[in-house]
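Novice: Sending over a structure as structure tokens; questions will come in a sec.
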Amino acid sequence: MLKKTAIVSLFTIISASYMAQNTKAIPVYLDESKPVEQRIQDALSKMTLEEKIAMLHAQSKFSSPGVPRLGIPEFWTTDGPHGVRSEVKWDEWDQAGWTNDSIIAYPALTALSATWNKNMSWNYGKALGEEARYRKKDILLGPGVNIYRTPLNGRNFEYMGEDPFLTSKMVVPYIKGVQSNGVATSVKHYALNNQEMFRHTSNVIIDDRTLYEIYLPPFKAAVTEGDSWTIMGAYDMYKGQYASQNQYLLNDILKKEWNYKGVVLSDWGAVNNTEQAIHNGLDLEFGSWTNGLSEGHSNAYDSYYLAQPYLKLIKEGKVGTKELDDKVTRLLRLAYKTTMNRNKPFGNIASEEHKAVAKEIGEEGIVLLKNQGNVLPIDINKAKKIAVIGENAIKIMTVGGGSSSLKVKYETLPLDGIKARFGKQADVQYARGYVGDIGGEYNGVKSGQNLKEDRSPEALLNEAVALAKSSDYVIFVGGLNKADFQDSEGNDRKSYGLPYNQDNVISALAKANKNLAVVLVSGNAVAMPWVNEVPTIVQAWYLGSEAGNSLAAVLAGDVNPSGKLPFTFPVKLEDNAAHQLGEYPGNKEELAAGKGKDQKNPINIKYNEGILVGYRWHDTKKIKPLFSFGHGLSYTTFEFGKAKADKKEMSQDDKITFTVTVKNTGKRAGAEVAQLYISDLKSSVQRPTKELKGFEKVFLNPGEEKEVTFTIDKTALSFFDAGKHDWVAEPGDFEALIGNSSDAIKTKVRFTLK
Ligand code: BGC
């Protein structure tokens, strides 16, 4: 008989050898106890040349291959910034026709930015990331942070406005929220894609100072503070190279200066040169227009620039494998955070929580531009009959507009939201007033609406005016929409004014009823020739699934508006810097010579206005805007105390703190955004009159007062010195200006930088 100790040691030997075998069975790249960089090197050492090349380019419209032999999964990407796009067919943009891919649409990024509330950004990212995760996506193609340069840019609604500081602060929590789900963001479109017209066929000419001060900061914040795991290169050219294969933007700035370790992916079809794609910092190629794709060739993806052509160059010894290994290393790093991350949550879709997030962001993003005579909030005791007029009260807005188009579980229309909120006490009646766009389909996703209308414009206007006359309140809901040449990808707006004769309709309604609120649904500023004729104007953006409910809550006063404009509304187009000084849509002579029509004849666009973008321009040139950057009213009133600084002088490596009290002096609870602008009083270079360097949203009950604190260091005082290629804070006097809009500074305090 074996002794007990012998049995125990036999067991120990057997289990140890079993474990040894078992540990041997786990290769390092799959061993979660090993450091990621070691796992990456191990995976890399096991991959064949062909497997590495395969990882660098798409295998379908929205996916790229992993390494099946090693159990490394594919990457699945999806648009876009406002919700998870519907499934599309393997090789086509058309929706696949699934019945289980409808999601919640969140407010467009302009609306998010208009909340000036970083918590809203985190909530947005977290909820959207959960939906992306549930839909088994690994990379979300967004957020967009291209700066608002012209109100004609068709894609402004997907971006966060004209200010690099506001955009930078708002984008970081969004990224962190999405990525907390093990889903990567892809901040886009890097860089200088500030208009849609000629986006594939233009070359931007810009000075270094403007590039670093205005157009790069949001991207830098997204990758250095937000740690966005991927970034999307843009379509346009900079220094004569396409942005998605651009030595300066990708290698010199992103990967060297900012030390970026993530993945650069191309915009869809933005690559057109293998050598540049290899050497200039691109890691992953999507959407190339190879002949294979348009001709239905089965090996289309093999013809991508980073596919067979790359392999061939390596095999012929014309390029080495250093760049290849770097690209694959980055992709594997991404895999360990997403596809191979076993600790990520499972996500969920269209939950009650997500609906609440969408509704709240919408409510906080709505901007009350004007409210003479307090037409709003609607007094329910006086509102026996409410007229709702305008096409945008009944038009689905989540379908259309380009790649951010969605297939939603539902979209509450403004008219439905207003009926739901007021319908019990008041008679809510609708008249269209004008006909705009009756389309309602994008890539096979249908809005399901029939907006056809046979009556004449006069008949529609007469009906609207008659209804307005017989009502206690008139809510006009108009603006732009997601049709081509409106707020839409791929082309720009043709003019600054409202389309479809809405100006006349609004003027007629203003004459018919003095209790008129004009609600504009758009992602862009518009001309308002009737601004002095109407008492009340609301900027309501594109608010997604909860649009109608968010709007009704603000109209009723259930929610006190607290949104602030993330970009300037100029009176007329020529008041905008890019249109007055810069080139738009491109150089005039080249335009006349037919440049920009194709990639062989690109057109140059000079950003002559330099750093004077948005309010920087209006302030400095003293051009009064229609509505200024940072503007937004409330149903209550606020008072700012006197700003104080904790010191009079600061040294170069010091910090300085400003405090100010904000008091709610009205009768309703509400929120105010305290905005800190810095003004350099004397400088050796041109500086804008002031620049936003801090903001804080404060919620206050009636009578309540809170102290707001801003701490800055010299980065808030610096300009980019192109000669030195560095930021410089010049000693001298500065002013901290605090207010609730760029044109409403309430208090200021001077200080000196030593
Ligand atoms: C757009 C991107 C989008 C991609 C995929 C491109 O045309 O510019 O923003 O993510 O398509 O749909």
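The values are calculated or read from the model by the stated rules, or taken from the named source; none is laboratory data. Just so we're clear, the structure is a prediction, and the values are computed from it rather than from any experiment. Ideal geometry is used to build each Cβ from the backbone, glycine not excepted, and the neighbour counts take in all protein chains shown. Each accessible area value is taken on the protein alone, full model and side chains, heavy atoms only, with ligands, DNA and RNA left out. Shrake-Rupley method; radii C 1.70, N 1.55, O 1.52, S 1.80 Å.
Novice: Once each part is reduced to its C-alpha centroid, what is the distance from segment 658-716 to segment 582-654 in angstrom?
Specialist: Between the Cα centre of segment 658-716 and that of segment 582-654, the gap is 19 Å.
Novice: Does segment 274-372 classify as rounded, prolate or oblate by the C-alpha gyration tensor (a ≥ b ≥ c root eigenvalues; a/c under 1.5 gives rounded; else a/b over b/c gives prolate, otherwise oblate)?
Specialist: It is prolate, given that a/c is not under 1.5 and a/b is the larger ratio.
Novice: Relative to the first principal axis of the alpha-carbon coordinates of the chain, what is the inclination of helix 502-512, with its axis defined by its Cα atoms, in degrees from 0 to 90 and to the nearest 10?
Specialist: Relative to the chain, helix 502-512 is tipped by roughly 40 degrees.
Novice: Taking Cα atoms of segment 373-428, Rg/Rh with Kirkwood Rh, to two decimals?
Specialist: My calculation of the ratio gives 1.10.
Novice: Here is a follow-up. Towards the positive end of the charge dipole of the chain, with charges on Cβ (+1 Lys, Arg; -1 Asp, Glu), say which of Phe627, Ile103, Ala459 has the farthest Cα.
Specialist: Ile103
Novice: Okay, moving on. Residues of segment 511-541 with the amide nitrogen closer than 18 Å to a label point 7 Å from the Cα of Asn462, along Cα-to-Cβ, please.
Specialist: 512
Novice: Now a separate question. Take Asp379 and Lys409, extend 7 Å from each Cα along the Cα→Cβ direction, and tell me the distance between the two endpoints in nm.
Specialist: 3.9 nm
Novice: Then there is this: Which trypsin sites (Lys or Arg not before Pro) from segment 318-357 combine a DSSP loop assignment with at most 12 other Cβ atoms within 10 Å?
Specialist: Counting only loop positions with at most 12 other Cβ atoms within 10 Å, the trypsin sites (Lys or Arg not before Pro) in segment 318-357 are Lys318, Arg342.
Novice: Taking the convex hull of the Cα atoms, report for segment 489-537 its projected area averaged over all directions, in nm².
Specialist: 3.7 nm²
Novice: Quick one: pull the percent of accessible area on the chain belonging to carbon and sulfur, 1.4 Å probe, ligands and nucleic acids left out.
Specialist: Percent of accessible area from carbon and sulfur atoms in the chain: 51.
Novice: May I pose another question? Using a simple spin-label model with points 7 Å from Cα along the Cα→Cβ vector, what separation in nm is obtained for Thr48 and Gln372?
Specialist: Modelled inter-label distance: 7.6 nm.
Novice: Also, quick follow-up: Strictly greater than 15 Å: what percent of every Cα pair in segment 454-522 meets that?
Specialist: 57 percent
Novice: Further question: Could you tell me how far the Cα centroid of segment 491-565 sits from the Cα centroid of segment 345-385, in Å?
Specialist: Between the Cα centres of segment 345-385 and segment 491-565 lies a distance of 14 Å.
Novice: Using only the Cα atoms of segment 370-511, each taken as one equal point scatterer with no solvent, compute I(q) by the Debye sum, divide by I(0), and report log10 of the ratio at q = 0.14 Å⁻¹.
Specialist: Relative scattering, expressed as log10 I(q)/I(0), comes to -0.73.
Novice: Please work out the Cα center distance from segment 36-103 to segment 165-218, rounded to the nearest Å.
Specialist: 23 Å
Novice: Roughly how many Å² is the accessible area per residue of the chain, as a whole number, for a 1.4 Å probe?
Specialist: Here the residues of the chain average 38 Å² of exposed surface.
Novice: Starting from the amide H of Trp727, placed 1.01 Å from N in the peptide plane, find each other amide H under 5 Å away whose residue is 5 or more places distant or on another chain.
Specialist: For Trp727, the qualifying residues are Asp721.
Novice: Give the Cα extents of segment 49-172 along the principal axes, in whole Å, largest first.
Specialist: The principal-axis extents, from largest down, are 48, 36, 29 Å.
Novice: Can you give the Kirkwood hydrodynamic radius of segment 103-211 from its Cα pairs, in Å with one decimal?
Specialist: Taking the inverse mean of 1/r over all distinct Cα pairs, segment 103-211 comes out at 14.5 Å.
Novice: Normalized C-alpha radius of gyration of segment 312-446, against 2.2 N^0.38 Å?
Specialist: Output field value: 1.77.
Novice: Under the Karplus relation 6.51 cos²θ - 1.76 cosθ + 1.60, θ = phi - 60°, what is the ordered set of whole-Hz ³J(HN,Hα) values for segment 475-485, x standing for Gly and Pro?
Specialist: 10, 8, 10, x, x, 10, 8, 9, 6, 3, 6
Novice: Of all beta bridges DSSP finds with both residues in the chain, what is the antiparallel percent, to the nearest 5?
Specialist: Percent antiparallel among DSSP bridges in the chain is about 55.
Novice: Using only Cα atoms, find the angle between the long axis of helix 322-337 and the longest principal axis of the chain, and express it within 0 to 90 degrees, rounded to the nearest 10.
Specialist: 70 degrees
Novice: Also, quick follow-up: Shape of segment 551-671 from its Cα gyration tensor (a ≥ b ≥ c, root eigenvalues): rounded if a/c is under 1.5, otherwise prolate when a/b > b/c, or oblate?
Specialist: Here segment 551-671 falls in the oblate category.
Novice: I've got another one for you. Restricting things to alpha carbons, tell me how big segment 675-722 is in terms of Rg and Dmax, in Å.
Specialist: Spelled out, the Cα radius of gyration and Dmax of segment 675-722 are 14.8, 49 Å.
Novice: Can you tell me the 0 to 90 degree angle between the C-alpha axis of helix 4-25 and the longest principal axis of the chain, rounded to 10?
Specialist: 60 degrees
Novice: Over 20 Å between Cα atoms: which of Lys494/Lys588; Lys648/Lys682; Lys61/Lys407; Lys136/Lys261 fall into that group?
Specialist: Lys136/Lys261
Novice: Multiplying the sequence separation of Asn341 and Lys256 by 0.36 nm and subtracting their Cα-Cα distance, what value in nm do you get?
Specialist: Value of the extension gain: 27.9 nm.
Novice: If exposed means no more than 11 neighbouring beta carbons inside 10 Å and the site is in a DSSP loop, what's the longest run of the chain without any exposed GluC sites (Glu not before Pro)?
Specialist: Counting only loop sites that pass the neighbour cut-off, the longest clear stretch is 317-754.
Novice: Percentage of Cα-Cα pair distances in the chain greater than 53 Å, rounded to whole percent?
Specialist: 14 percent
Novice: Decide, for segment 613-754, between rounded, prolate and oblate: order the square roots of the alpha carbon gyration tensor eigenvalues as a ≥ b ≥ c, take rounded if a/c falls under 1.5, and otherwise choose prolate if a/b is larger than b/c, else oblate.
Specialist: Oblate is the answer for segment 613-754, as a/c is 1.5 or above yet b/c matches or exceeds a/b.
Novice: For segment 207-308, what is the convex hull (Cα atoms) projected area averaged across all directions, in square nanometres?
Specialist: The number I arrive at for segment 207-308 is 6.7 nm².
Novice: Can you give me the long-range amide H partners of Val519? Hydrogens built in the peptide plane at 1.01 Å from N, cutoff under 5 Å, separation of 5 or more residues or another chain.
Specialist: Result for Val519 returns Phe476, Val477, Gly478, Val538.
Novice: Among the listed pairs Lys126/Lys746; Lys514/Lys706; Lys52/Lys137; Lys697/Lys748; Lys137/Lys239; Lys344/Lys446, which have their C-alpha atoms separated by more than 28 angstrom in this model?
Specialist: Listed pairs above 28 Å: Lys126/Lys746; Lys514/Lys706; Lys137/Lys239; Lys344/Lys446.
Novice: Right, another one. Restricted to Cα positions, what overall size does segment 140-194 have along the principal axes? Three whole-Å values, descending.
Specialist: That works out to 36, 20, 17 Å along the principal axes.
Novice: Quickly estimate the mean residue ellipticity at 222 nm for the chain, helices only: each DSSP H run with n ≥ 4 gives -39500 (n - 2.57), and the total goes over all residues, rounded to 500.
Specialist: -7500 deg cm²/dmol
Novice: Something else now. If you bin every alpha carbon distance in segment 208-248 into 5 Å steps from zero, what whole percent lands in each bin?
Specialist: 6, 21, 21, 31, 18, 3
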